[in-house]
1. List the lysines whose alpha-carbon lies under 21 Å from that of residue 123, not counting same-chain residues fewer than 8 positions away?
2. Below 8 Å between Cα atoms, with a sequence gap of 6+, how large is the relative contact order for the chain in percent?
3. Using only Cα atoms, tell me the angle between helix 166-180 and the longest principal axis of the chain; keep it within 0 to 90° and round to the nearest 10.
4. Would you mind putting 170-177, 358-365 in packing order, based on average other-beta-carbon counts within 10 Å, highest first?
5. Using only the Cα atoms, work out Rg/Rh for the stretch 113-198, with Rh taken as the Kirkwood radius, to two decimals.
6. What is the stretch 380-474's relative contact order, in percent, from Cα pairs under 8 angstrom and six or more apart in sequence?
7. Taking the Cα atoms of the stretch 260-305, report the difference between the largest and smallest coordinate on each principal axis, in whole Å and largest first.
8. Could you tell me which of rounded, prolate or oblate describes the stretch 33-174, using a ≥ b ≥ c as the square roots of the eigenvalues of the alpha-carbon gyration tensor, with rounded for a/c under 1.5 and, failing that, prolate when a/b is larger than b/c and oblate otherwise?
Amino acid sequence: MDWINNTLNKVNDLWDRSLDRHVRVAVTGLSGAGKTAFITSLINQLLFASSEYQLPFFEVVEEGRLKASKLELHSELHIPSFKYDQCIEQLTAEVPSWPESTKSISQAQIKCRFKVKNPWLKKVHEQSVLTVDIVDYPGEWLLDLPLLGMSFKDWSQQCLNYLQSERRKDYTKDVVRAISSLEFHKDFNNRDDDGYIAELAKQYKESLLQYRNTEGDNSIALPGRFILPGELTGAPVLDFFPIVNEDVLSLDWSSLEGSTLLKSLERKFDYYKREIIKPFFEDYFSKVDRQILLIDTTSVLESDYEAYQDLKKTIELLLTGFSYGRSNWLKRLFSPTIDKLMIATTKVDLIPPDQHSNIESFMQKMVAQAKNDVGYEGVEVETMAISSVSTSEPVTTEHNGQPMLCVKGLDNDTGEPVLHYPGKVPSTSLSRTEWQSLDIDFSTFGIPEIKADEPLPYIRMDKVLQFLLGDKFS
Ligand code: GDP
C-alpha cells in the first residue's frame, strides 16, 4: 500500500504548500549583535512551547494549539547546520558560557505540529505542520550589496575617500604607502608578484580589522568577506585591495593591457562580485520570507558620538538590501519576497524594564529613515527591545527617597548576586554635546543557572515569535 501512502503524503504536501505552511526566516546583524544567542533561544522557545511553558504573546501557544515542535535536518544540504545542541549545552553547562558567534552562514529547520484554527480548513485537516527554516548569516555580508553596482575604479575611489579620514589614517597609513608605491602598469604575470600581492592584501585587511576592532566602526567600505571570510578563509579570491593612487585613478584604464597588475586586481574584484556576492544574494537572501535584524544598541550607547554615527550609517546601508525596489538595477537582480522585517535591539536584560521603551525608541530614531524606506516597499516593519537569554531580574531599590528600578544578576567574577543601575537611557537621538555628558554603564552579568529541561529565560521572544510566525498558524 506504499502507493496509497505516497499519494496521501503528496496530497498533504500540496495542501500545506497551498496554505503556505513553509516559512524561511533569516537572522542577521553585525558581529556581536546577538544572532547565535537569538537563534538558540528562538528554537528553544519553540521546542518547549506547550501548555506547561507558556509564551503569553504567542497566540498559537496561548490558545493551546501548538502540539509539539522538533528539529529536523534542513533540505538545503550544502548549507552547514546551526549547532543548536552545542549552543544549548554551553548555556546550560555547570559552568555556563555563551556559544560561539556567527562566522558564516548556517541553517536550522524546525517543524511545528499545530491544531488548525480556520473553521473551513479545519474541515479538511484538524492538524497541520508548519516548517520553519531559520537562516543565520553575518550582517557584514549584506554590506556587500552596493558593490554589485560599482566598478573596481568606483570602489577604489570610495575606499580612497574612506581611508583619508583622520580616524582611519593611523591604522592604514603603512599599507596605503605600500600600495601607493606599486607600479600598476607593470606586467604582472609571475608567481612572485602573486605572493607579494597576497601579502599586501592580507596587510590591508588586517589594518582595517584592527581599526574596526579598536574603534568599533563597522561602516567599512570593503567586502564583507574581508571581515568574516567564512569558507573563503585563505582563498585567492580575497587577495585584492583598492587602488589608492589619485593619479592612477584619474587614468583611462580601458587602454591598459590585460596582463598589468591593475587589470589583475580588477579581475579579482569582478570575480568576487560575480562568484561570491551575486550567488549569496540570489541563493539565500532573495529566498527569504521574513527577516530579523539585530542591533546591539547597548554597546553603541557606551561608545562615543562617532561610533554612533558610524553604526547609523552601517545600519542604513544594511537596510538598503530590503528597500531595493527603489533601485532599478537591484530590482532586476533580485525579486523581493520579504513581507515582514523586525528590527530588534538586543541584550535589554542589562536595562531595568522601565527603560526598555527608551532604548527601543532611541534605536527607532537611529533607523527611522531606513525603516521608512523599507516600509515604502510594502514590507511590514516592527521594532522591539529584546533579550534572547536574560541574565537578570528587575529589583526596586530606593534612591534619594524615591523608588528606583535596577537589574540584579550574578557578578561575572565572584558569581555573587549584584545590583546595577546603568544610568538614564536616552529615548531620542543626541547631539555631539549631549553625547559627551551621557553617563551610561551597562554592566554585564554571568549567565544564571539554567536547567536543561527548562526553557531559556528571555525578554519579549514571545512577541518576536508572534510577529514572525503568528499568522502562519491559522
Ligand atoms: P553574533 O556575533 O551576532 O552571533 O552574537 P552572539 O549571539 O554570539 O552574541 C555576542 C555576545 O553578546 C554573547 O557572547 C553574549 O556575551 C552577548 N549576548 C547575546 N545575547 C545576549 C542577551 O540576550 N543578553 C545578554 N546579557 N548578553 C547577550
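Please treat every number below as a calculation from the coordinates, not as lab data. Everything numeric in this text was worked out from a predicted model, so none of it was measured. Positions of Cβ are generated from backbone atoms using ideal geometry, with glycine treated the same way; all protein chains shown enter the neighbour counts.
1. 10, 67, 115, 472
2. On the way: 762 pairs, mean separation 89.9, N = 474.
Once divided by the residue count of the chain, the mean separation gives 19 percent.
3. 50
4. Numbers: 170-177: 16.2, 358-365: 19.5.
Sorting 170-177, 358-365 by mean packing, highest first, produces 358-365, 170-177.
5. Details: Rg = 26.6 Å, Rh = 18.9 Å.
Result: Rg/Rh = 1.41.
6. Working: 100 pairs, mean separation 31.2, N = 95.
Normalised by residue count, the contact order of the stretch 380-474 is 33 percent.
7. Taking the Cα atoms of the stretch 260-305, the three principal extents are 47, 34, 10 Å.
8. On the way: a/c = 3.04, a/b = 2.03, b/c = 1.50.
Since a/c reaches 1.5 and a/b is larger than b/c, the shape of the stretch 33-174 is classed as prolate.
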